[in-house]
Amino acid sequence: MLKVGLSGGIGCGKSTASSVMAELGAYIFEADDEAKKMITENSTVQGELIAEFGTDIMGVGNVMDLQKLGRIALQDEDHQMRLNLVVHPYIYNLIDDQFGKISEKNEHSMFIVDGALIYESGYDQHLDYVIVITALMKNRMERTITRGMLTREQILQRIELQWSEEEKTGLADFVIHNDGTQEDLQKEITDIYNRIV
């Protein structure tokens with residue numbers, strides 16, 4: 001079973017592309033969601049994060065506060081690197097375990113690792129192909145602000161901490177420019193899927 005990375009910055013349309021891939025028969029491993037779950041549920045990971053960033057990342061009832069962690073860990077490249085050094089090895093193991101389980105069942109055409117930091121984490125070395133989705137900054141900003149989760153400043157700060165679109169598209173096996181309609185995106189994803197499955 002092919003292991004394929006699906007990456008793109010905030011607001012590029014990665015989640016929509018993931019949904020299309022799932023409909024086509026791929027298994028989707030949501031790396032970013034799994035990382036959040038691990039940070040809030042895994043006491044070993046929490047202990048390492050507290051050792052790295054202090055108890056300021058904890059919220060009421062001694063529970064990990066993802067917003068506080070985000071404010072501290074995503075303030076600059078150094079802090080983000082420290083966060084990634086703690087979390088990424090655990091995510092790698094989780095991906096490998098899940099890939100093993102899904103391969104055995106033989107029910108899916110491919111295994112998609114949906115993650116914003118595929119290149120930044122070095123995980124692209126473990127994949128057969130990487131698909132990168134890009135979009136114009138105005139479209140990315142519009143989509144993300146519409147979701148209402150982050151302010152304009154927070155969005156720009158996160159974009160700043162990720163590799164540039166040029167770096168990612170230069171390394172990608174397939175690039176989708178998602179500045180058209182949802183139907184356009186669906187068609188491009190389907191075409192790529194059919195080429196590699």
Quick one: which residue in THR40, THR44 is among the hydroxyl-bearing types (Ser, Thr, Tyr), farther than 24 Å from THR190 by Cα and touching a strand residue (DSSP E or B) at 6+ places or on another chain (Cβ under 8 Å)? THR40
Which of the residues that make up region 178-197 are crowded, with 17+ Cβ neighbours inside 10 Å and not aliphatic (A, V, I, L, M)? ASN178, GLU188, TYR193
Residue count, region 145-166 (criterion: closer than 20 Å to LEU66 by Cβ, among the acidic types (Asp, Glu) and buried (at least 16 other Cβ atoms within 10 Å of the Cβ)): 0
In region 117-140, residue farthest from LYS168 (Cα to Cα) [restricted to those that are among the aliphatic types (A, V, I, L, M) and surrounded by 20 or more Cβ atoms within 10 Å (Cβ to Cβ)]: LEU127
Quick check on region 105-139: of everything there that is assigned to a loop (DSSP other than H, G, I, E, B) and of a type in the set (Asp, Glu), which residue is farthest from the chain's Cα centre (by Cα)? GLU107
Taking the criterion of being closer than 15 Å to MET137 by Cα, among the β-branched types (Val, Ile, Thr), touching a residue at least 40 places away in the same chain (Cβ under 8 Å) and in contact with an Asp or Glu (Cβ under 8 Å, 6 or more places away or on another chain), would at least one residue in region 169-191 satisfy it? yes
Those residues of region 145-197 which are outside any helix (DSSP H, G or I), under 19 Å from the mean Cα position of the chain (by Cα) and of a type in the set (S, T, N, Q) amount to GLN162, SER164, ASN178
Meets criteria (modelled with pLDDT under 95 and of a type outside the set (S, T, N, Q)) for LYS68: yes
Extreme residue, nearest to ALA22 (Cα to Cα), among residues of region 151-187 that are touching a Phe, Trp or Tyr at 6+ places or on another chain (Cβ under 9 Å) and of a type in the set (Asp, Glu): ASP173
Quick one: would you say GLU142 is closer than 27 Å to LYS68 by Cβ and either acidic (Asp, Glu) or not in a helix (DSSP H, G or I) (or both)? no
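The values are calculated or read from the model by the stated rules, or taken from the named source; none is laboratory data. Just so we're clear, the structure is a prediction, and the values are computed from it rather than from any experiment. Cβ atoms come from the backbone with ideal geometry, glycine included; neighbour counts cover every protein chain shown.
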